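> I have a structure here, written as structure tokens, and I will follow up with some questions on it.
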Amino acid sequence: MKTVYLGMTGDIIHPGIINIITEAAKLGKVMVGLLTDSAIVSHKRLPFLTYEQRLNVVSNIKGVDSVVPQEDWSYIPNLKTYKPEIIIHGDDWKTGPLSKMREDVFQLMKEMGGEVVEIPYTKGITSSILSEAKKSIGTTPDIRLKTLRRLISAKSIVRIMEAHSGLSGLIVENIEIEKEDGIHYFDGMWSSSLTDSTSKGKPDIEAVDLTTRLQSLTDILECTTKPIIFDGDTGGLCEHFVFTVRTLERNGISAVIIEDKVGLKKNSLFGTEVEQNLATIPQFCEKISVGKKAQVTSDFMIIARLESLIAGYSVDDAIERAFAYVKAGADGVMIHSKEKSGDDIKEFCIRFKKEYSNIPIILVPTTYNQFTEKELHSWGANVVIYANHMLRSSYPAMMETAKLILEHERSKEADKLCMPIKTILELIPGTK
Ligand code: SPV
Ligand code: MG
């Protein structure tokens, strides 16, 4: 019997997929090439179900003979490995972004003496339409929490944007642009102490209790599904940190980042005149360790933030601390710097990855913002956080609008800077 190769994501099973499997089974033994998370995120959003869950579903569909992982977005590597006599595909790939891959597949199958079978695409129901519907289903704390680890292992660089309100969260949740290599979007949100306090007109000096920080966080949680990394400041005393970890985890937050400073915390990017006192290594290791013991799931991440470079210490100091924090249980390290050249960060990343290639590095390139995500990844970074850009960009727009109204004694001139009321109705479901 011939082998018929069928590539799929298998996240949402709809009648179109059952149809193509049925057609494939008429031609031979169906081998499904199930795209892995990393193959999918190279071009599309992370699927709802994990690879293991999708494997379970797809292997149990009538007509599927075997399932193999497809590690690449392209079918070509698997076609070379498994040499099926036939590959089957919906005819929708004749045009659009898959048409180049279609040509390559035809060429390869011809060289291998195989055949490409195209079947009419099932109209009216596509995975993309269904994933729109999926968005309206929302998420659960458990699914949201787990997603950050999945993203870190699937993507070369995880892209996180600051959100400080429901509205900014909605932008991060929804915005995407189409580029040559697929859809680009933000993978998750950063709950920043700086932007949260600034949006409330207050200084960034570590809230006395979590309650105020949780107010805006709750607003974001209510209208988004993407994973959230929480800025935990210094984490407070060990006794407090235990509660913070539990509260965040219960709410479906994926990670907390705590910085190794002591005393009154001030924002790291403020001028050099601000004195920064660092915790001793054993002190901070103790905090990480009590936090790790407090968490209930194995998915929640405690990330140690190194302030050595901010406080005027060397890369050597940061490295010594980073190694100690990882040994104490940190699931990742964030290294921060005000240095524009990026040289110190690059040196840190390279040295850290030589010792711990599997521990994620998180960067916050606010000052060294000339480097692209690809460049930061080439140093060893796994996650990039745009830590304050939604808030900072909103301020000039609001200032300009307020000035225009004062100047003209009416609002007509400011209209061009304002979101149309219609957009509000479209953006916020339930107001249409
Ligand atoms: C924040 O966003 O609050 C941070 C990052 O802690 S930074 O402001 O760069 O210190
Ligand atoms: Mg902060």
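> With all protein chains present, calculate the accessible area of Tyr5 using a 1.4 Å probe and round the result to the nearest 10 Å².
0 Å²
> Would you mind counting up the charge near Ser156? Only other residues with Cβ under 11 Å from its Cβ, with Lys and Arg at +1 and Asp and Glu at -1.
Local net charge: +2.
> Is the chain rounded, prolate or oblate when judged by the Cα gyration tensor, a ≥ b ≥ c being the square roots of its eigenvalues, rounded requiring a/c under 1.5 and prolate requiring a/b larger than b/c? Display every interim value, and only then the final one.
Numbers: a/c = 2.14, a/b = 1.54, b/c = 1.38.
Prolate, since a/c reaches 1.5 and a/b exceeds b/c.
> Compute the signed sum of charges (Lys and Arg +1, Asp and Glu -1) over the other residues within less than 12 Å, Cβ to Cβ, of Glu347.
Values: positive: Lys346, Arg351, Lys353, Lys354; negative: Asp316, Glu339, Asp343, Asp344.
Charge balance in the 12 Å sphere: 0.
> Sticking with this one: Under 22 Å between alpha carbons, and skipping anything fewer than 8 positions from Lys83 in its own chain: which lysines qualify?
Lys2, Lys26, Lys29, Lys100, Lys110
> Restrict the search to the range 295-371; then list the GluC sites (Glu not before Pro) that DSSP places in a loop and that have at most 14 other Cβ atoms within 10 Å of their Cβ. Spell out each step's value before the answer.
On the way: sites: Glu307, Glu320, Glu339, Glu347, Glu355; in loops: Glu307, Glu339.
Loop-located and lightly packed - Glu339.
> So for Phe230, Phe323, what's the accessible-area order with a 1.4 Å probe, most first?
Phe323, Phe230
> Also: Given charges of +1 on the Cβ of Lys and Arg and -1 on the Cβ of Asp and Glu, with all other atoms neutral, how large is the dipole of the chain about its Cα centre, in debye to the nearest 20? Please report the intermediate quantities before stating the final value.
Numbers: 52 positive and 58 negative charges, 182 e Å.
About 880 debye.
> Net charge near Val4: determine it from the other residues with C-beta under 10 Å of the C-beta of Val4, scoring Lys and Arg +1 and Asp and Glu -1.
Values: positive: Lys2, Lys26, Lys29; negative: Glu23, Asp65, Glu85, Glu115.
Every neighbour counted, the sum reads -1.
> While we're looking at this one, here's another question. Which residue fluctuates the most in the chain, going by a Gaussian network model with Cα springs under 10 Å, if the choices are Ile87, Ile362, Ile229?
Judging by the Gaussian network model, the answer is Ile87.
> Additional query: First check a/c for the range 138-387, with a ≥ b ≥ c the square roots of the eigenvalues of its C-alpha gyration tensor; if it is under 1.5, answer rounded, and if not, answer prolate when a/b is larger than b/c or oblate otherwise.
Numbers: a/c = 1.32, a/b = 1.10, b/c = 1.20.
Taking the square roots of the gyration eigenvalues as a ≥ b ≥ c, the range 138-387 is rounded.
> Just want the answer: with Cβ charges of +1 for Lys and Arg and -1 for Asp and Glu, which residue in Val384, Gly166, Val58 is farthest toward the dipole's positive end in the chain?
Comparing the listed Cα positions along the dipole, Val58 ranks first.
> Can you flag which of Lys146/Lys354; Lys202/Lys287; Lys200/Lys327; Lys94/Lys226; Lys94/Lys155; Lys261/Lys353 are past 30 Å Cα-Cα? Let's see the in-between values first.
On the way: Lys146/Lys354 27 Å; Lys202/Lys287 27 Å; Lys200/Lys327 37 Å; Lys94/Lys226 33 Å; Lys94/Lys155 28 Å; Lys261/Lys353 24 Å.
Beyond 30 Å: Lys200/Lys327; Lys94/Lys226.
> What number, rounded to the nearest 500 deg cm²/dmol, is the helix-based mean residue ellipticity at 222 nm of the chain, given -39500 (n - 2.57) per DSSP H run of at least four residues and division by all its residues?
-13000 deg cm²/dmol
> OK, next. What FRET efficiency do you get for Thr211 and Lys80 if R0 is 35 Å and r is their Cβ-Cβ distance, rounded to the nearest 0.05?
Efficiency, from the Cβ-Cβ distance: 0.05.
> Accessible area of the chain with a 1.4 Å probe: how many percent of it is carbon plus sulfur? Write down the numbers at each step before the final one.
On the way: 12180 of 21280 Å².
About 57 percent, which is the carbon plus sulfur part of the accessible surface.
> Taking amide H positions as placed 1.01 Å from N in the peptide plane, with prolines and chain starts having none, which residues 5 or more places from Leu49, or on another chain, fall under 5 Å of its amide H?
none
> Another question about this same structure. Solvent-accessible area per residue for the chain at a 1.4 Å probe radius, Å²?
Values: 21280 Å² over 432 residues.
About 49 Å² of surface per residue is accessible.
> Rounded to the nearest 10 Å², what accessible area does Ser411 have for a 1.4 Å probe in the complete protein model?
So the heavy atoms of Ser411 present about 70 Å² to solvent.
> Per residue Cα convex hull volume for the range 3-129, in cubic angstrom?
Numbers: hull volume 12.2 nm³, N = 127.
Output value, Cα hull per residue: 96 Å³.
> State, as an integer percentage, the relative contact order of the chain based on alpha-carbon contacts under 8 Å between residues 6 or more apart.
Result for the chain is 12 percent.
The values are calculated or read from the model by the stated rules, or taken from the named source; none is laboratory data. Bear in mind the structure is a predicted one, so any value in this text is a computation, not a measurement. Using ideal geometry, Cβ is built from the backbone for each residue, glycine included, and neighbour counts are taken over all protein chains shown. Side chains included, ligands, DNA and RNA excluded: accessible areas come from the protein's heavy atoms. Shrake-Rupley method; radii C 1.70, N 1.55, O 1.52, S 1.80 Å.
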